[in-house]
Amino acid sequence: MNRSARRFAAALAALLAQPAAALDRPVVWRDEDTGCAYLLTPQGGIAPRYRRDGTLDCPDVVAGTGVVENMGRDIARGLDALQREVDRLRERYNDRP
């Protein structure tokens, strides 16, 4: 690759990266009543802030309470219920006269 092609590729990559660099970072806001932390985006969005272990960033939440494990268990339970319902509908469809 010649020198001008490399410069062009570098300039193109720098220009394409600009939209991502323009995004503002969310701001951490802590609720005075509960003490829980939230992430506020410049666009007006709000989301709960989580610690590295997956628990909510609240003073009342004990670290290591297993929020991620509970969420995985709930998702598995929901998928099992969905599978049972699909099986029930399949049997109902196959038993039609």
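I'm checking my understanding of the structure. Among residues of the range 44-58 that are part of a loop (DSSP other than H, G, I, E, B) and surrounded by 11 or more Cβ atoms within 10 Å (Cβ to Cβ), which one is modelled with the highest pLDDT?
Restricting attention to the range 44-58, the residues satisfying the condition of being part of a loop (DSSP other than H, G, I, E, B) are 44-45, 49, 51-55, 57-58.
From the residues that got through so far, the ones that are surrounded by 11 or more Cβ atoms within 10 Å (Cβ to Cβ) too are 49, 51, 53-55, 57-58.
Working: Arg49: 90, Arg51: 84, Asp53: 77, Gly54: 76, Thr55: 80, Asp57: 86, Cys58: 85.
By that ranking, first place goes to Arg49.
Could you list, in sequence order, the residues of the range 30-43 that are at pLDDT below 85 and either touching a Cys at 6+ places or on another chain (Cβ under 7 Å) or exposed (fewer than 10 other Cβ atoms within 10 Å of the Cβ) (or both)?
Within the range 30-43, the first condition is being at pLDDT below 85, and the residues that meet it are 42-43.
Answer for the range 30-43, where residues must be at pLDDT below 85 and either touching a Cys at 6+ places or on another chain (Cβ under 7 Å) or exposed (fewer than 10 other Cβ atoms within 10 Å of the Cβ) (or both): just Gln43.
The values are calculated or read from the model by the stated rules, or taken from the named source; none is laboratory data. If you're wondering where the values come from, they're calculated on a predicted model, not measured in any experiment. Neighbour counts run over all protein chains shown; Cβ positions are idealised from the backbone, glycine included.
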